[in-house]
1. What number goes with the only condition from (1) in contact (Cβ under 8 Å) with a residue 60 or more places away in the chain; (2) touching a Pro at 6+ places or on another chain (Cβ under 7 Å) that M128 does not pass?
2. Take the residues of segment 128-156 that are more than 25 Å from E45 (Cα to Cα) and open to solvent by 20 Å² or more (accessible area, probe 1.4 Å): which is nearest to the chain's Cα centre (by Cα)?
3. With the requirement that a residue be over 21 Å from the mean Cα position of the chain (by Cα) and of a type in the set (D, E, K, R), what does segment 220-243 give you?
4. Which one of these does G121 not meet: (1) in contact with a helix residue (DSSP H, G or I) (Cβ under 9 Å, 6 or more places away or on another chain); (2) not in a helix (DSSP H, G or I)?
5. Scan segment 165-177 and tell me whether some residue there is under 15 Å from the mean Cα position of the chain (by Cα) and without any contact (Cβ under 8 Å) to a residue 60 or more places away in the chain.
6. Only helices (runs of 4 or more DSSP H) wholly contained in segment 1-115 count here; list those with 3 or more residues that are over 26 Å from P126 (Cβ atoms) and either touching an Asp or Glu at 6+ places or on another chain (Cβ under 9 Å) or without any contact (Cβ under 8 Å) to a residue 24 or more places away in the chain (or both).
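The values are calculated or read from the model by the stated rules, or taken from the named source; none is laboratory data. Please read all numbers here as calculations on a predicted model, not as lab measurements. Glycine also receives a Cβ, built like all others from the backbone with ideal geometry; neighbour counts cover every protein chain displayed. Note: accessible area is taken over every heavy atom of the protein model, side chains too, but ligands, DNA and RNA are not part of it. Shrake-Rupley method; radii C 1.70, N 1.55, O 1.52, S 1.80 Å.
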Amino acid sequence: MNASRFQIIRPDDLSDYRSQAGDIAEASWPEFMLHDPIADEHWHELFDRFNDYQFALLDAEANRMAAMANSLPFHWEQELSNLPEGGWDWVFLKAIEDHENGIAPNIQSAIQINIHPDYQGQGLSPVMVKAMRDIAKAQGFKHLVAPVRPNQKSNYPLASIDDYIRWTNDQGLPFDAWLRVHVRAGARIIKPCHHAMTIRGARQKWEEWTGMKFPQSGPYVIPGALVPMQMDVEKDEGVYIEPNVWLVHDVP
């Protein structure tokens, strides 16, 4: 990565920061992933309550955002091994609840790191992980946790997440590329969170999101999903429950 070309920026550094960040999210996620009800209702809270925890990577030569990331702080007293199955949805709501109740945070959670497709494969992922760890350090936190979406799991939707996180490559590192990025940065895999995000929608919506048809009730493998989506034709509802993986970075 060309260090002089790419610069870490914050939301207040660009007038159209949210617009550019939204464009990266839309380019990075499968369409159905943009319809999580927790994110739809509360996304603004990242900037209204936790603005200091959001950042992006600016390509200074092209004057465009190359990558963006979101995180938030929350309070956690239990062992990290007890982080809940709710994962992504849970930690988002927990941070808001803590802030509303005046509970001081003592830990940071990643929400997402997205590299624009035009900039993937240029070594930007480790830079983004380090920048997120730097925020935790600046806040005096001892840990950064992350309910990570192991993207390559979508190639193996029928494998259990419990098995998948034990797969390794020839170097003994995690099989999944995103898990490898974190582990190389010093993270430890804690455990899966099997109900990290729940997305519901009518059959017509799922057909629009996926470009597929769902003639009968049952499980369907859909593009970009980590596990099958369950369609209930009689109820006119498809439900996708995404598993993620809790990771922890110790912050010295």
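1. (2)
2. N151
3. D232, E234, K235, D236, E237
4. (1)
5. yes
6. Output list reads 37-42, 87-100.
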